[in-house]
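S.K.: Below: one structure in structure tokens.
The values are calculated or read from the model by the stated rules, or taken from the named source; none is laboratory data. Owing to the predicted nature of the structure, the values given are computational and were not obtained by experimental measurement. Cβ placement follows ideal geometry from the backbone for every residue including glycine, while neighbour counts extend to all protein chains displayed.
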Amino acid sequence: MDWHPIRMSTMTLARGATTLELPSALNWADEYTWSPIEQSQTYTTTGALLIEEAVKQTGKPYTLEGAEDKTWCTRELVNTLKGWAATPGVQLVLTIRGSARAVTFDHVKGALQGLPVQFFEDGSIADADWYVPTIRLIGI
């Protein structure tokens, strides 16, 4: 097997003039499960199969999943994302794999999840505590 150097890329999410740097080890979980083709299959009254296809204009999913053993961000970042997700119709720019894409939160699939790496008592939770994020976005 050939050796490949580690490639560092910056993954960001921007809202207007504010840009957040996301953990670079987030996994784009649905990168290869989405198809740009919409297809319907129906049978006619004669029993023939009718297939209709068209290219989707928007709606590509961007599910960015963290992992407990390698993808952490601060509670402060999760809180910022939570605030953005609480804004109806918010438009964001996701830069991933060197390409900028217009997105919004996918509320149907549960826009955001942040799980603490270590649980603390309620009174001792801080913005600098580590969380494992899952961010669900959809192309617009």
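S.K.: Take the residues of the stretch 7-44 that are aliphatic (A, V, I, L, M) and assigned to a strand (DSSP E or B): which is surrounded by the fewest Cβ atoms within 10 Å (Cβ to Cβ)?
M.R.: Ranking the candidates gives ILE37 first.
S.K.: Right, next: Of everything in the stretch 34-67, what is of a type in the set (D, E, K, R) and more than 30 Å from LEU22 (Cβ to Cβ)? Give them in sequence order.
M.R.: Of everything in the stretch 34-67, those that are of a type in the set (D, E, K, R) and more than 30 Å from LEU22 (Cβ to Cβ) turn out to be GLU52, GLU53.
S.K.: May I pose another question? Determine which member of the set VAL90, VAL132 is within 15 Å of the chain's Cα centre (by Cα), farther than 13 Å from LEU13 by Cβ and at pLDDT 95 or above.
M.R.: VAL132
S.K.: Given the structure, is LEU115 in contact with a Leu (Cβ under 8 Å, 6 or more places away or on another chain), outside any loop (DSSP other than H, G, I, E, B), under 18 Å from ALA29 (Cβ atoms) and of a type in the set (A, V, I, L, M, F, W, C)?
M.R.: Considered against the rule, which asks whether it is in contact with a Leu (Cβ under 8 Å, 6 or more places away or on another chain), outside any loop (DSSP other than H, G, I, E, B), under 18 Å from ALA29 (Cβ atoms) and of a type in the set (A, V, I, L, M, F, W, C), LEU115 comes out as no.
S.K.: In the stretch 46-73, how many are buried (at least 17 other Cβ atoms within 10 Å of the Cβ) and of a type in the set (Ser, Thr, Tyr)?
M.R.: Residues flagged as buried (at least 17 other Cβ atoms within 10 Å of the Cβ) and of a type in the set (Ser, Thr, Tyr) within the stretch 46-73 amount to 3.
S.K.: Hey, can you tell me all the residues within the stretch 58-105 that are part of a loop (DSSP other than H, G, I, E, B), among the polar types (S, T, N, Q) and in contact with a strand residue (DSSP E or B) (Cβ under 8 Å, 6 or more places away or on another chain)?
M.R.: Listed by number, the residues that qualify are THR58, THR71, GLN91.
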